[in-house]
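Asks: Would you mind keeping the following structure in view while I ask a few things?
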Amino acid sequence: MLVTRKKYRQPLVVNALALVGQCVLVAGLSVGQAQAQSTPSCASAASDIDNDGWGWENNRSCVVVDTAVQATGNLCTAAAIDPDGDGWGWENNRSCVIDSSASAANIVTSKVTGFASCESSLSDENADGYGWENGQTCVVTSASSSTVLNSVTNTTAAPPPVAAANVGWVNGNPICLTDSSDTGNDGFGFENNSTCVVVDGVTATRSAPLLNQRSCIPWLEIGYGNYRLQNNTWNDGAVYSDNWSQCIELQGSPGNYVAKWDYNWLQRSQGDEYAVKSYPQVYYGRKTRYNLSGSVAETGLPVSINSMPQFYVDYDYSETGIVERNVALESFFHTSCEAEEHNKQFEMMVWVGVPNIRTPGVQVSSVTLSGQDWDVYTNPTLGWAYVAFVAQNPHNAGTLDWNAFVNWSRYQGPAFGVPAMGQNTCMGAIEIGSETFWGTGTFTLNNFQVRR
């Protein structure tokens, strides 16, 4: 369901004259005078090896102005900024001399204009003076702490939640309300258009989730226990305006959490009425390396279909509204147990709530599984293998033998035109959500439990 969007950096455009090294002689000036007026001063006389008044720093000529003052040069704060190893670096828009004691940990913020100071030196994994926090490059400074990072296991790359107020501050940054905003698992999140710091015991975690805050940011996630509630808006481009909305909220209490979402995907004439717009959901397991609800030890997922334990799924939901949608559980199967978007191989859906006029494709069979009757569909128009089981008698509560659906898809399905499932396939997650075509409504997930 997830649509990945990539941003590409534009190529650097270089002036052709700079490449060929052309020079211009200005009328009325001698060559030396023209050079002196257009060439920067040397940071150190030591770069003038032949004592002719000209040095070479930062890959260009410089003029020795005051040998007495400039003899020692301006010391670089880090050896890492001397990429060619010639003893000269470039900081604060001027040349500097590499000192043997220079260390990447001592780089000053002003070294590179436009980059923020890193909050923690731990984000500089290769010790080059640059870190990666909150999805962007930062510069390690002497003030960058190495003790701020959290010890809580952060497990998703979800966008940040809506925060009504900040709960405190650390080193000039607000404390994150939830660790789901820490997309890089580096101890820093992004909430309310500001970097925040994840702090144990204060920031909401899977064991102490963010409750009773309705959040409308696409792809936002709220973790609770071994589950994650995701505001999946994967196909919002199929509506003809930006007036749609979809929001999620976690209610209840420990041991009795209730996931809710509400949405307005407008009227059928205000978008492609035959296209699914979204799939707000709760998932158990791993969708990608950044979107997982718990460890393999905690969830048993991802797992090879050759060694899959028995999974049972309990569900209970209620819904309101004038809307065309289904209620579906599903699993994606991947070519590796390192489940990612790019290695999805097979999608299996179980429609327990069925819309009046929509089907998932072409019906190929009918079966009885987990004590219920289902119509089986495939969809050859999709770009991946697909099978869907549609309840003949929909129920808004029940228990499903998940392995029964997987095994039928794997062993019996190909005889009915269901694409074959790879022998080394791994199941990544078990999910439940509602696919909406159009309309306005609410959905309350009173219970969703995966047992093994």
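Per-residue answers, yes or no, for (1) crowded, with 18+ Cβ neighbours inside 10 Å; (2) in the same structural domain as LYS277 (by TED's automatic domain parsing); (3) under 32 Å from the mean Cα position of the chain (by Cα); (4) at positive phi:
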| site | (1), (2), (3), (4) |
| --- | --- |
| GLN363 | no, yes, no, no |
| PHE405 | yes, yes, yes, no |
| TYR411 | no, yes, no, no |
| ALA420 | no, yes, yes, no |
| GLN423 | no, yes, yes, no |
| ALA429 | yes, yes, yes, no |
| ASN447 | no, yes, yes, no |
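Asks: Filter the range 239-253 for residues that are touching a residue at least 24 places away in the same chain (Cβ under 8 Å) and not polar (S, T, N, Q); which is surrounded by the fewest Cβ atoms within 10 Å (Cβ to Cβ)?
Replies: Once the filter is applied, the top-ranked residue is TYR240.
Asks: Then there's this: Among the residues of the range 375-403 satisfying the criterion of being under 15 Å from PHE333 (Cα atoms) and crowded, with 16+ Cβ neighbours inside 10 Å, which is farthest from the chain's Cα centre (by Cα)?
Replies: Ranking the qualifying residues of the range 375-403, first place goes to ASN403.
Asks: Output the residues belonging to the range 194-228 that are in a strand (DSSP E or B) and aromatic (Phe, Trp, Tyr). Before you say what the answer is, go through the steps one by one.
Replies: Residues of the range 194-228 in a strand (DSSP E or B): 194-197, 204-205, 208, 215, 221-224, 227-228.
Hits for the range 194-228 are TYR224, TYR227.
Asks: Moving on. Look through ASN407, ASN424, ASN446 and report the one residue that is of a type in the set (S, T, N, Q) and closer than 28 Å to ASN231 by Cα. Please lay out each step first, then the result.
Replies: Values: ASN407 fails: closer than 28 Å to ASN231 by Cα; ASN424 fails: closer than 28 Å to ASN231 by Cα.
Step by step, each of ASN407, ASN424, ASN446 is checked, and only ASN446 is of a type in the set (S, T, N, Q) and closer than 28 Å to ASN231 by Cα.
Asks: Within the range 283-304, how many residues turn out to be part of a loop (DSSP other than H, G, I, E, B) and either without any contact (Cβ under 8 Å) to a residue 60 or more places away in the chain or over 11 Å from MET427 (Cα atoms) (or both)?
Replies: If we filter the range 283-304 for residues that are part of a loop (DSSP other than H, G, I, E, B), which is where we start, we get 287-291, 293-295, 300-302.
Then keep just the ones that are either without any contact (Cβ under 8 Å) to a residue 60 or more places away in the chain or over 11 Å from MET427 (Cα atoms) (or both); that gives 288-291, 293-295.
Looking only at that region, the number is 7.
Asks: Given the conditions (1) assigned to a loop (DSSP other than H, G, I, E, B); (2) out of contact with any Lys or Arg (no Cβ under 8 Å at 6 or more places or on another chain), report the number of the one that THR233 does not fulfil.
Replies: Single failed check for THR233: (2).
Asks: Based on this model, can you work out whether SER318 counts as at pLDDT 95 or above, surrounded by fewer than 15 Cβ atoms within 10 Å (Cβ to Cβ) and part of a loop (DSSP other than H, G, I, E, B)? Quick ask: steps written out before the conclusion?
Replies: Numbers: at pLDDT 95 or above: yes; surrounded by fewer than 15 Cβ atoms within 10 Å (Cβ to Cβ): yes; part of a loop (DSSP other than H, G, I, E, B): no.
No.
Asks: Look through TYR263, TYR274 and report the one residue that is loosely packed, with under 14 Cβ neighbours inside 10 Å and either aromatic (Phe, Trp, Tyr) or at pLDDT 95 or above (or both). Working first, answer last.
Replies: Details: TYR263 fails: loosely packed, with under 14 Cβ neighbours inside 10 Å.
So the residue among TYR263, TYR274 that is loosely packed, with under 14 Cβ neighbours inside 10 Å and either aromatic (Phe, Trp, Tyr) or at pLDDT 95 or above (or both) is TYR274.
Asks: Hey, can you tell me all the residues within the range 250-280 that are of a type outside the set (Gly, Ala, Ser), in a strand (DSSP E or B) and under 17 Å from GLU431 (Cα atoms)? Steps first, answer last, please.
Replies: To start, the set of residues in the range 250-280 that are of a type outside the set (Gly, Ala, Ser) comprises 250-251, 254, 256-258, 260-268, 270, 272-274, 276-277, 279-280.
Remaining after also requiring in a strand (DSSP E or B): 250-251, 256-258, 260-264.
Of everything in the range 250-280, those that are of a type outside the set (Gly, Ala, Ser), in a strand (DSSP E or B) and under 17 Å from GLU431 (Cα atoms) turn out to be LEU250, TYR257, VAL258, LYS260, TRP261.
The values are calculated or read from the model by the stated rules, or taken from the named source; none is laboratory data. These numbers come from a predicted model, not from an experiment. Cβ coordinates were reconstructed from backbone atoms using ideal geometry, including for glycine residues, and neighbour counts include every protein chain displayed.
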